[in-house]
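One structure is given below, encoded as structure tokens.
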Amino acid sequence: MTAITARAHTNIALIKYWGKKDPQLILPYTDSVSLTLNDFYTDTTVEFDDALTADTFSLDGAAQPTKKITPFLDLVRQRAEITAFAHVDSVNHVPTAAGLASSASAYAALALAASRAAGLQLNEIALSRLARRGSGSATRSIYGGLSIWHRGDDDATSFAESLPMPDLDLAMLVVLVDAGPKPISSRNLMANTVATSPYYPAWVTHNQKAAQQMVSALSANDFATIGHLTEQSSMQMHATILASDPAFTYWTPETLKAWAIVKQLRANGIPAYATMDAGPNVKILTLSDYVPQILQALQPDFADRVLTTMPGPAAQVIGGTHV
Ligand code: 2P0
């Protein structure tokens, strides 16, 4: 059998995905737009092996339960018409479960490695659809740079596509407010937001419009609008979450402190925009020329807790062996 290793990078949504109209197929209520990042990624090796009696899964060398990856591998087995179980070994270069969407890089890498190891040659759209079945945000991590996940109506029409990069030196700073695991999974909170937040229908209408506005702003190289739409999508997502029952927020006082610094930077003429995901960390979208000034502003409160990154590459196979 062949062991295949694939690398996929995580992504940060500029226009967020929050809520599924079909939890089984992971079909979202809205389109989303994201930036794949260069410095956070997952390497996953998959080998199907007729001698195995069940799938095995290790993360950073430690054995893990397989209840999430076996149904995913079943999709690959079905498609490739094989029955062998698989060894899956992942190494994560993403702070796990801290709102940096490690599930995005994880399922994008698994989709690519498992499909190739099973003998399939899927194109990007087919890979994106497959990755979607593992985790919504993984749909977009098949691509480098910018991508848009079209919400679609069914399994065939819900996939991401690459968007052209604007003529801008985009950069992102990640302020690690808290690198520990999050208190509630995004999957569970997302479902509760859809079920209980009275603001959810407004979120869908507005975010769907924002996705289209973002595509236009990107193609116009209009960074002020790109940044504004980015911050608005995040704030509106968190407001919708806060209004659910029970009320909840991922934010901590330090999240607000970082956001206040971003707003002050903007008041001083520096193009910096905050976006927060399913965790307290703050990501700052900017242009690379301004990174030194932003780092300086963050220094007093967040010394040694800021990572700077830039657009990253598409998912790719980085190794394979015949054994
Ligand atoms: C996103 N997030 O667009 C949004 C914004 C977090 C906030 O996608 O249930 O791990 O596996 O589809 O993709 C994080 O949730 O959730 C996420 P599932 P996922 O990036």
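Here's the yes/no breakdown for (1) in the same structural domain as K257 (by TED's automatic domain parsing); (2) over 16 Å from W259 (Cα atoms); (3) charged (D, E, K, R):
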residue: D277; (1), (2), (3): yes, no, yes
residue: Y290; (1), (2), (3): yes, yes, no
residue: Q293; (1), (2), (3): yes, no, no
residue: D304; (1), (2), (3): yes, yes, yes
residue: A314; (1), (2), (3): no, yes, no
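Filtering the stretch 23-53 to residues that are without any contact (Cβ under 8 Å) to a residue 60 or more places away in the chain and either of a type in the set (D, E) or over 27 Å from A84 (Cβ atoms) (or both) leaves D49, D50.
Could you please let me know if G152 is within 13 Å of the chain's Cα centre (by Cα), surrounded by fewer than 23 Cβ atoms within 10 Å (Cβ to Cβ) and part of a loop (DSSP other than H, G, I, E, B)? Answer is no for this residue. Scanning the stretch 1-18 for residues being crowded, with 24+ Cβ neighbours inside 10 Å and either more than 8 Å from the ligand (Cβ to nearest atom) or of a type in the set (A, V, I, L, M, F, W, C) (or both) gives a total of 9.
Of T252, T240, T230, all but one fail to be touching a strand residue (DSSP E or B) at 6+ places or on another chain (Cβ under 8 Å) and closer than 28 Å to A195 by Cα; the exception is T230.
Residue selection: S147 fails the criterion of being within 16 Å of the ligand (Cβ to nearest atom), touching a residue at least 24 places away in the same chain (Cβ under 8 Å), in a helix (DSSP H, G or I) and touching an Asp or Glu at 6+ places or on another chain (Cβ under 8 Å). When each of T252, T275, T240 is tested for being surrounded by fewer than 18 Cβ atoms within 10 Å (Cβ to Cβ) and under 22 Å from the mean Cα position of the chain (by Cα), the lone residue that passes is T252. Residues satisfying the criterion are absent from the stretch 49-59 (criterion: assigned to a helix (DSSP H, G or I), crowded, with 21+ Cβ neighbours inside 10 Å and either under 18 Å from the mean Cα position of the chain (by Cα) or away from the ligand (no atom under 16 Å from the Cβ) (or both)). So, in the stretch 285-317, exactly how many residues are farther than 21 Å from L170 by Cα and surrounded by 16 or more Cβ atoms within 10 Å (Cβ to Cβ)? The qualifying residues number 1.
Within the stretch 98-127, the residues that satisfy the criterion of being farther than 20 Å from S58 by Cα and more than 13 Å from the ligand (Cβ to nearest atom) are G119, L120, Q121, L122, N123, E124, I125, A126, L127. In the stretch 64-108, the residue that is farthest from L189 (Cα to Cα) out of those that are at pLDDT 95 or above and of a type in the set (S, T, N, Q) is T83. Scanning the stretch 161-194 for residues that are small (G, A, S) and surrounded by fewer than 18 Cβ atoms within 10 Å (Cβ to Cβ) returns S162, A179, G180, S185, A191. Criterion applied to T66, T83 was being surrounded by 17 or more Cβ atoms within 10 Å (Cβ to Cβ) and part of a loop (DSSP other than H, G, I, E, B), and the one residue passing it is T66. On the given criteria, is I142 assigned to a loop (DSSP other than H, G, I, E, B), under 19 Å from G312 (Cα atoms) and within 16 Å of the ligand (Cβ to nearest atom)? Answer is yes for this residue. The residues listed here are A211, A191, A118; of these, the one that is touching a Pro at 6+ places or on another chain (Cβ under 8 Å) and of a type in the set (A, V, I, L, M, F, W, C) is A191.
Conditions (1) modelled with pLDDT under 95; (2) touching a Leu at 6+ places or on another chain (Cβ under 8 Å); (3) in a loop (DSSP other than H, G, I, E, B), marked per residue:
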site	(1), (2), (3)
A247	no, no, yes
L256	no, no, no
W259	no, no, no
K263	no, no, no
T275	no, yes, no
D289	no, no, no
Q293	no, yes, no
A314	no, no, yes
G320	yes, no, no
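Going by what's in this entry, would L127 be described as within 18 Å of the chain's Cα centre (by Cα) and closer than 22 Å to I82 by Cβ? For L127, the condition - within 18 Å of the chain's Cα centre (by Cα) and closer than 22 Å to I82 by Cβ - is met.
Regarding the stretch 185-192, can at least one residue be identified that is assigned to a loop (DSSP other than H, G, I, E, B) and under 20 Å from the mean Cα position of the chain (by Cα)? Taking every residue of the stretch 185-192 in turn, at least one turns out to be assigned to a loop (DSSP other than H, G, I, E, B) and under 20 Å from the mean Cα position of the chain (by Cα).
The values are calculated or read from the model by the stated rules, or taken from the named source; none is laboratory data. Keep in mind that what you see is a predicted model, and the values were worked out from it rather than measured. Here Cβ is always computed from backbone atoms with ideal geometry, including for glycine, and neighbour counts include all displayed protein chains.
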